[in-house]
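All remarks here apply to the structure that follows.
Read-outs throughout are calculated quantities, based only on the coordinates presented, and are distinct from any laboratory measurement. Note that the structure is a prediction, hence the values are computed from the model and not measured. Note that we place each Cβ from the backbone using ideal geometry, even for glycine, and neighbour counts take in every protein chain shown.
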Ligand SMILES: Nc1nc2c(ncn2[C@@H]2O[C@H](COP(=O)(O)OP(=O)(O)O)[C@@H](O)[C@H]2O)c(=O)[nH]1
């Protein structure tokens, strides 16, 4: 019983992680905070929101 | 009436504040289709019906350079909102109108919410609202979002203008471009090229701006027209570069600003009489960004931030540790010995728990950073570092990428890599892409925090500051090296405009802090959990073979056979600390066998073998096989270094009931000391970026070659630095 539960959990973890990495690889998750980085510089998205303008 | 409107505007213009004011609790957060940019949507009742309000991502422009801009653009095109409410920061009119103009060029109905009127007032900027509205030919409503002022007027204005027909704005971009645009517009209209979705002239402008999204769509829609358009653009580009030494993109931006200025100069904006009175902001800046005082203040502020973080988080971290210890205890008594128990305790609780244990630290760190960010100080930091950066061959605005990546602590290299997009010079951009991963991102933080707490508990903040300095110096030196070898080139100039200081609101800071902390928790509960379970499995299987198990069984029999049955009974029935001396010795010997068995099992596991095989070289840096496993796992995400060490040191644990934190375990473990710990810190600063960052670098640099380079080069550099440190340290200490 033990082994079965552990087996299921491990397989689920492998599936989840592989799916995650494939998604990141394909660029679908490249900017997602949940799958990629811990902190995004802004609300939910990875944009730098410092108020600095690059003036020509 | 039930209309859909969108809120758009520059970052920091007060968009979120206004959105919250309008929708209150009637909002929900989702994602834009296909991408993971957050989409906030809400409703707002008005006298004439319910308004659906969508909060677009904040952007400065509508190019295809960043995901947010593309998302905003696509949404506007696909959903055709009845009104774009453009939140414009009145204290920064010129820059904010740059986005407004682009909405108008798309032919969208725009209402301007002229926000931050209080700030403009304070800075004695007078804006003739009626004139602005007349000249731009869009309604303008003054607001102070923070106080909820102007909300009613804004809603009334929106309601009365939603049905209006609008005339798209056509700006002149100079004769050369205008003539070409006319021609292209005709070509586009005649062939119906992309016109199902976009305005013909807008498409033409985008071709001039070399907009990757539109040119790609164009290629798919009609190869021939696309290449015809490209040819026109090419010709004008060549001509512009020959005659005016500029390129169409630059011309277009210049003319947009020109258009805005021509409006503002017609008496729309005026400064009150004592205009030369130094604004408070400038006064502060004279001290804070002073050539000599500035850097000292900067280091002091960072040090203060770390001191604040470490001292306030210490106690709550203790609570978290006890909590996970308690959970381990519960799991220990609830589950019978076996694989599942090992998975739950060693893999999940001691692994992921180790990462989650640092939530308070992360929270306090983010709290401090949110304060620095919201107040405007972070921009000053970037401003000062700009001078330094140019010396090292990086562009001034690379500083932003560095800070976003965790220059002060707790950022992420992924948005840092993205931020490098704003750099026009491909070489400077590449140099930035390759060096931002050296910063202390939020995922490295728990690794540093763990090691610092275990081995440098006396000087936590100082060591953290040292780590930060090392990462900056390292990044700059590498940038210099790259810029004088494989990506040689001139540095380009850069001018930075500083926003005024602003007293951050408590609510704003708390929201920022919570958002980031929550992301950290979510990541630990998903990505890190998944990887931890996999690593647990790799550290558990294949386990020991039968003969080995028998060997340990035999050792146990040897120990117990020479012991009287009375003592054996005692071991069965009596708790640890009440045992007689004889029984205790026996128990210790048995525990030692258990420990040896667990240790042998771990070492024989898949991960153990990988770790051991690397030990031959990593021993020069002071890393044993367990550290190696953690570092290899860390490629998936740097937090995994912590969770893997947690699992590895949990599996061979002598007495699982004894609650000790991972840092205590490391302190007690063989082969660990300040030297090893700092060597590991150095390695963590410099070694290969995590998987996500590598993918991002490949995408942004346009080739896997550079991504591969960053993995190999960074790891080699990290190893070199660690070995050097460890070897010299071993001799000196
Ligand atoms: N003084 C002043 N501050 C404002 C006003 N509107 C927003 N803010 C502040 O400006 C900061 C940025 O606002 P936020 O809504 O997060 O901007 P967003 O990036 O556009 O979503 C916050 O600290 C707000 O409290 C305003 O009308 N006056």
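Observations, loosely collected:
- Degrees separating the helix B:444-455 axis from the principal Cα axis of chain B, which is the longest one: 40
- Segment B:591-638 and segment B:139-181 have their alpha-carbon centroids 62 Å apart.
- When B:540, B:573, B:513 are sorted by how many other C-beta atoms sit within 10 angstrom of their C-beta, beginning with the fewest, the order is B:573, B:513, B:540.
- Angle of helix B:506-523 to the longest C-alpha principal axis of chain B, folded into 0 to 90 degrees and rounded to 10: 50°.
- When each of B:686, B:635 is scored by the number of other beta-carbon atoms lying within 10 Å, the sequence from fewest to most is B:635, B:686.
- Peptide A:15-23 has a mean shielding of 4, counted as Cβ atoms of other protein chains within 10 Å of each residue's Cβ.
- Chain B: radius of gyration over Cα atoms, expressed as a fraction of 2.2 N^0.38 Å: 1.14
- R0 of 41 Å, Cβ-Cβ distance residue B:244-residue B:74: FRET efficiency to nearest 0.05: 0.80
- Cα gyration tensor shape for the protein assembly as shown, rounded if a/c is under 1.5, else prolate or oblate: prolate
- Percent of beta bridges antiparallel (DSSP, the protein assembly as shown, rounded to nearest 5): 50
- Potential extension, residue B:230-residue B:591 segment - 0.36 nm per residue separation minus Cα distance: 122.3 nm
- Degrees separating the helix B:293-334 axis from the principal Cα axis of chain B, which is the longest one: 50
- Cα-projected label distance for residue B:506 with residue B:175, points at 7 Å along beta-carbon direction, nm: 6.3
- The label-point distance for residue B:284 and residue B:223, in a model that sets each label 7 Å from Cα toward Cβ, rounds to 5.9 nm.
- Inter-probe distance in nm under a simple model that places probes 7 Å from Cα toward Cβ, at residue B:326 and residue B:620: 4.9
- Ranked A:1, B:651, B:298, B:381, criterion: other C-beta atoms within 10 Å, fewest first: A:1, B:298, B:651, B:381
- Rounded to 5, percent antiparallel among DSSP beta bridges of chain B: 45
- Take every pair of alpha-carbon atoms less than 8 Å apart whose residues are at least six positions apart; their mean separation over the length of chain B yields a relative contact order of 10 percent.
- For segment B:535-623, the relative contact order is 49 percent, taking Cα pairs closer than 8 Å that sit 6 or more residues apart in sequence and dividing their mean separation by the residue count.
- Global form of segment B:505-580, assessed from the alpha-carbon gyration tensor, a/c cut-off 1.5: oblate
- Relative contact order, percent, segment B:3-161 [alpha-carbon distance under 8 Å, six or more residues apart]: 24
- Mean per-residue shielding of peptide B:52-64 is 1, counting Cβ atoms of other chains within 10 Å of each Cβ.
- Treating r as the C-beta distance of residue B:216 and residue B:514 and R0 as 30 Å, the FRET efficiency rounds to 0.20.
- Residue mean of other protein chain beta carbons inside 10 Å, B:523-536: 5
- Cβ-derived FRET efficiency at R0 41 Å, residue A:11 paired with residue B:122, nearest 0.05: 0.10
- Length gained on full extension, residue B:296 to residue B:311: 3.2 nm, using 0.36 nm per residue less the C-alpha separation.
- Ranked by how many other beta carbons lie within 10 Å on average, peptides B:595-605, B:157-167, B:13-23 from highest: B:13-23, B:595-605, B:157-167
- Over chain B: helical MRE at 222 nm, DSSP H runs n ≥ 4 each giving -39500 (n - 2.57), nearest 500: -20000 deg cm²/dmol
- Difference of contour (0.36 nm per residue) and Cα-Cα distance, residue B:265 to residue B:610: 117.3 nm
- Segment B:1-130: C-alpha gyration tensor shape, a/c 1.5 cut-off, then a/b vs b/c: oblate
- Pairwise centroid distance, computed over Cα atoms, of segment B:408-450 with segment B:83-112, Å: 31
- Between segment B:511-538 and segment B:218-252, the C-alpha centres lie 46 angstrom from each other.
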